[in-house]
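Trainee: Encoded as structure tokens, here's the structure I'll be asking about.
Since every read-out is calculated from the coordinates, none of them should be taken as a lab result. All figures in this text were calculated on a predicted structure; none of them were measured in a lab. Neighbour counts run over all protein chains shown; Cβ positions are idealised from the backbone, glycine included.
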Amino acid sequence: MDTRSFAHGVKSAVPIVLGYIPIGFAYGVIARGIGLTVPEATAMSILVYAGSAQFIATGLLAAGAGPMTIIATTFLVNLRHLLMSAALLPGLRHLSPKLLAVLSFGITDESFAVASLELENARNAGSFLLGLNLTSYVSWIASSAGGAWFGSLFPDTDRFGLDFALPAMFIALLIFQIREHRYWVVAILAGIASVGLALLLPGNWNIILATLVGATVGMVMER
Amino acid sequence: MRLTLLLLYTGMALVTYLPRMLPLVLLSRIGLPLWLRRWLSYVPVAVLAALLLPSITMVDGRLFLVPSNKFLIVSLPTFLVAARTRSLVLTVSFGIITMFLFKVWFPG
């Protein structure tokens with residue numbers, strides 16, 4: 001353990017923490033709004049630790065989806081971390097598999113972005129990443145718990161428009177994902193397919209099926 | 001804490017952790033095929049759209065494409081705010097406040 005590199009990691013996590021506080025807070029409020037208790041909302045942040053997947057899971061829970069649907073959707077949404085994990089490997093291959101197994105828990109879009117920029121400047125890559133990931137993780141849990149607690153103060157949240165928090169969140173996340181016109185095509189197709197399949201099929205399989213259709217069309221268009 | 005939720009979280013945790021862990025621990029230097037990387041890059045936008053559209057166009061399993069659908073109406077300016085501000089917090093705040101005002105002005 002290299003304390004200076006750990007501190008370097010903690011310091012590098014500051015922009016991540018500033019980003020996680022409002023998002024974690026929003027997650028907590030929404031999770032509370034769909035009927036999770038404060039410990040239940042917080043436990044998801046502790047165990048899963050994946051922002052967008054947690055929002056999507058709350059949306060699915062609110063829609064009454066079953067566990068298999070939620071787990072399969074979580075898998076699809078978080079599969080992208082395969083790429084990030086693989087991309088971090090060259091700078092970390094000298095570390096022990098045990099340490100890598102611990103550090104990899106903390107790979108998120110944000111921690112990956114910072115690590116891929118800053119890892120080469122760290123004296124000790126393992127300690128740096130531990131400081132970075134641990135700080136980000138703790139801030140996510142704390143802000144989720146804070147949001148859920150805040151949500152408890154307002155029992156009838158729908159009256160205050162909070163029932164629109166989840167759609168608004170999806171709208172924002174969707175807009176941020178649009179990098180070029182092709183992404184609009186994928187979004188519109190997946191959205192229409194999802195509505196169409198929801199009208200035809202029971203349960204919530206429309207979401208996974210529409211995602212598969214949308215992503216495949218996007219991939220084919222890129223050829 | 002409901003046991004069903006704990007089981008659900010455990011499943012979610014597993015499918016989240018494995019893709020984060022396996023490449024780092026098991027593989028020396030994998031190169032994911034290009035088609036898979038492309039496919040994965042479209043998954044988030046597709047899943048968000050697949051969640052969003054039914055939530056603003058349907059009520060109780062039926063299409064609800066009418067002006068009295070508050071979710072649909074409020075979504076339109078919310079899209080603009082998201083595109084202009086590129087801020088999650090501003091977009092959600094705008095959406096909640098607009099929905100609140102809508103409910104005050106047009107109850108029922």
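Trainee: Is it possible to state the helix-based mean residue ellipticity at 222 nm for the protein assembly as shown, with each DSSP H run of 4+ residues giving -39500 (n - 2.57), the sum divided by total residues, to the nearest 500 deg cm²/dmol? What is it?
Mentor: On the way: 16 runs with 253 residues, N = 331.
Computed mean residue ellipticity for the protein assembly as shown: -25500 deg cm²/dmol.
Trainee: Right, next: Express the C-alpha Rg of the protein assembly as shown as a ratio against the empirical globular expectation 2.2 N^0.38 Å, rounded to two decimals.
Mentor: 0.99
Trainee: Straight-line reach from residue B:70: which aspartates and glutamates fall under 16 Å, measuring Cα to Cα and dropping same-chain residues less than 8 apart?
Mentor: A:158, A:163, B:60
Trainee: Check residue B:59: other-chain or 5+ apart residues with amide H under 5 Å from its amide H, H built from backbone geometry?
Mentor: Excluding prolines and chain starts, which carry no amide H, the hits are B:64.
Trainee: Residue by residue through the stretch B:3-9, what is 3J(HN,Hα) from phi via Karplus (6.51 cos²θ - 1.76 cosθ + 1.60, θ = phi - 60°)? Round to whole Hz and write x for glycine and proline.
Mentor: Each residue's phi maps through the Karplus curve to give 5, 4, 5, 4, 5, 4, 4 Hz.
Trainee: Still on this structure, I have one more. Mind running the shape call on the stretch B:31-105? Use the C-alpha gyration tensor, a ≥ b ≥ c as the square roots of the eigenvalues: rounded below 1.5 for a/c, prolate if a/b tops b/c, oblate otherwise. Write out the running numbers ahead of the final one.
Mentor: Values: a/c = 3.86, a/b = 1.70, b/c = 2.27.
Cα axes put the stretch B:31-105 in the oblate bin.
Trainee: Next question. For the stretch A:50-105 and the stretch B:39-64, what is the separation of their Cα centres, given in Å?
Mentor: The stretch A:50-105 and the stretch B:39-64 have Cα centres separated by 21 Å.
Trainee: Then there's this: Say a site is exposed when it is one of the GluC sites (Glu not before Pro), sits in a DSSP loop, and has at most 16 other Cβ atoms within 10 Å; what is then the longest site-free stretch of chain A?
Mentor: In short, A:1-179.
Trainee: Please identify every one of the trypsin sites (Lys or Arg not before Pro) in the stretch B:28-83 that sits in a loop by DSSP and has no more than 13 other beta carbons within 10 Å of its own beta carbon. Spell out each step's value before the answer.
Mentor: Details: sites: B:29, B:37, B:38, B:62, B:70; in loops: B:29.
Passing both the DSSP loop test and the Cβ count: B:29.
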